[in-house]
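Down below is the structure, laid out as structure tokens.
The values are calculated or read from the model by the stated rules, or taken from the named source; none is laboratory data. Computed from a predicted model, the values in this text were never measured in an experiment. Note that each Cβ is placed from the backbone with ideal geometry, even for glycine, and that neighbours are counted across all protein chains shown. To get the accessible areas, we keep the full protein, side chains included, count just its heavy atoms, and leave off ligands, DNA and RNA. Shrake-Rupley method; radii C 1.70, N 1.55, O 1.52, S 1.80 Å.
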Amino acid sequence: MPHVTETLDAIIILAAGQGKRMNSDTPKMLHTIAGASMLKHVAHATKHIPCTQRLCVVPPEPMGSIIHEDVPSMTKIIQKTPQGTGNATLCAANAIREERSDTLILCGDTPLLTTEILDDLITTRRQKNLTATIAAVDVVPPCDYGRIIRDKKGRIIAIIEAKNASKEHYAQTRCYVGMLAIQTKLLRPLLQKIPKNPVSGEYDLTHIIRLMADQEMPLDDVLMPHTHVLGVNTPEARQKAEDIMQQRLRERAIKAKASLLMPHSLYFSYDTQLAENVRVEPFVFFAPNVTIRAHSHIRAHSHIEGAHIGQRTTIGPYARIRPHSSIGDESRIGNFVEIKNATIGHKTRINHLSYIGDATIGRNVNIGAGVITCNYDGTKKHHTTINDHAFVGSNCALVAPLTIGEKATIAAGSTITRNVSAQALAISRPPHREIPHWSQRRLAKT
């Protein structure tokens, strides 16, 4: 948990950038890392920092609302005209209601942020009684970060963008990574003094550093791990961020006492939760919203999304668990089984080659190979209920809406279109028929 105890006035996330270098129609902030948008990752890093207002600066509609959907708890601030980061920050600063403490300014394309490093940025400003603290990294050129410039006394006097840096300045390794904590009462007056960049025609937030230095306001930088503040502006940077995040998530799972065989082959989402003694075989994909309880076994090449898996349950290999599914304790979902929007009871077995969608299945149910719930009639989805201790033979089609009673048995090869009573045997097959000497007749015709 963060050390910050005094509530911030505001947290501002700048998310109005166009992201042209991403070579994609998707807004830059909505590109995903570990199953969540970059913007959502940044917002999540601030979740436990006490704050009066949370403001997200977005581009004009309709794109602004599309981006804001990912952080609905934040207040949407629209930057009507793309006039740079300084103008975007001013749009948000004009909405701040209180000026009692600090404002934290972040970029929405830094998905590897952690609460701890933001805490350092804020507490350093307060402990040293500074006007502002800026986040910095040490990076050997070439890189496109702005260089932090100091005078002979070691005071920060400016940030020079890499593209505008002299050879001497470009060679410096201490760089600014687009986030700062500042006393709120000084933020708006400083932003209003930022001049327009004569080359780009924009108002650059980095110019605020020069203004503070000119007025001899005390400020300093806080050195951050590069792997925590990586800015994502290109597809290559996005892939690097994904790799770093995946390694973090694997380490988190191992720390939670999960057993991962070939961890580098696994894909985790940001919110994947594995309990202790969960075993995961190679090439498993965990999409968002997955929880797996203790002692379960996820076998190779399975895909799990939006599902809760009980304890001591086996999934796969080659199983697909789709959203809104819950698998009970000590159950088995075997190879080439697909589960969608279904609740599966304890100790139920669906061992192979089956599709169970829009269904509720009780305890101790056996589903044979090749069973499908026919849940879609071309217009609407319908539900299937299979009660406790039922036995469904292989290669059955269960046409929903349908209820199969407790301890009922469905004979193999049946197509069931009506409810089945408890303890009954249901058989729905064409009668067996043989035509004598069929082979001889067929060969005679040829």
Once residue 418 and residue 65 are pulled to full extension, the length gained, defined as 0.36 nm per residue separation minus their Cα-Cα distance, is 122.4 nm
Computed for the chain: size of charge dipole around the Cα centre, +1 on C-beta of each Lys and Arg, -1 on C-beta of each Asp and Glu, debye to nearest 20, value 1180 debye
Rounded to the nearest 0.05, FRET efficiency between residue 428 and residue 324 (Cβ-Cβ, R0 51 Å) equals 0.95
So, relative contact order of segment 130-268 in percent, Cα under 8 Å, 6 or more apart, is 29 percent
Interchain or sequence-distant (5+) residues whose placed amide H lies within less than 5 Å of the amide H of residue 8 are 51, 52
In the chain, taking the dipole from +1 charges on Lys and Arg beta carbons and -1 charges on Asp and Glu beta carbons about the Cα centre, the listed residue (339, 217, 189) farthest towards the positive end is 339
A chain fully extended from residue 144 to residue 73 at 0.36 nm per residue, minus the present Cα-Cα distance, gains in nm 22.3 nm
Per its Cα gyration tensor (rounded if a/c is under 1.5, else prolate when a/b beats b/c, else oblate), segment 316-371 is best filed as rounded
Note on segment 236-378: contact order normalised by length, alpha-carbon pairs under 8 Å, 6 or more apart, percent, works out to 12 percent
Under 5 Å from the placed amide H of residue 359, counting only residues 5+ away or on other chains, we find 342, 343, 384
Magnitude of the Cβ-charge dipole (Lys and Arg +1, Asp and Glu -1) of segment 374-434 about the Cα centre, nearest 20 debye, reported as 140 debye
For segment 352-446, listing trypsin sites (Lys or Arg not before Pro) in a DSSP loop whose Cβ sees at most 13 other Cβ atoms within 10 Å gives 380, 418, 433
Violations at 31 Å Cα threshold for listed pairs 28/257; 28/196; 257/347; 47/257; 40/80 -> 28/257
Amide H proximity to residue 75 below 5 Å, modelled H, separation 5+ or other chain, gives 54, 55, 56
Applied in sequence order to segment 144-157, the curve 6.51 cos²θ - 1.76 cosθ + 1.60 (Karplus, θ = phi - 60°) yields integer Hz couplings, x standing for Gly and Pro, of 9, 6, x, 8, 7, 9, 10, 8, 5, 8, x, 7, 5, 10
Dividing the mean separation of Cα pairs under 8 Å (6+ apart) by the residue count of the chain yields a relative contact order in percent of 9 percent
Counting only DSSP beta bridges with both partners in segment 367-446, the antiparallel fraction in percent, to the nearest 5, comes to 5 percent
Note, segment 30-35: 3J(HN,Hα) by Karplus (6.51, -1.76, 1.60, θ = phi - 60°), whole Hz, Gly/Pro = x, goes 9, 5, 9, 10, 6, x
For residue 234 and residue 192, extending 7 Å from Cα along the Cα-Cβ vector and measuring point to point gives, in nm, a value of 4.0 nm
Dividing the helical contributions, -39500 (n - 2.57) per DSSP H run of n ≥ 4, by the residues of the chain yields a 222 nm value, nearest 500 deg cm²/dmol, of -5500 deg cm²/dmol
Residue-normalised value, i.e. accessible area per residue, for the chain at 1.4 Å probe, in Å², stands at 49 Å²
Toy charge model, Lys and Arg Cβ at +1, Asp and Glu Cβ at -1: segment 173-332 dipole around Cα centroid in debye, rounded to 20, equals 380 debye
Labelled set (i) 21.9; (ii) 25.5; (iii) 23.0; Kirkwood radius over Cα pairs in Å computed from this model equals the value at (ii)
One finds, for residue 439 and residue 25 with R0 = 41 angstrom and r their Cβ-Cβ distance, a FRET efficiency to the nearest 0.05 of 0.10
A correct Karplus calculation of ³J(HN,Hα) over segment 285-293, with 6.51 cos²θ - 1.76 cosθ + 1.60, θ = phi - 60°, whole Hz and x for Gly and Pro, returns 10, 9, 7, x, 6, 10, 10, 10, 7
Between the residues 14, 64, 33, the Cα farthest towards the positive end of the dipole of segment 1-68, that dipole coming from +1 and -1 charges on the beta-carbon of Lys, Arg, Asp and Glu, is from 33
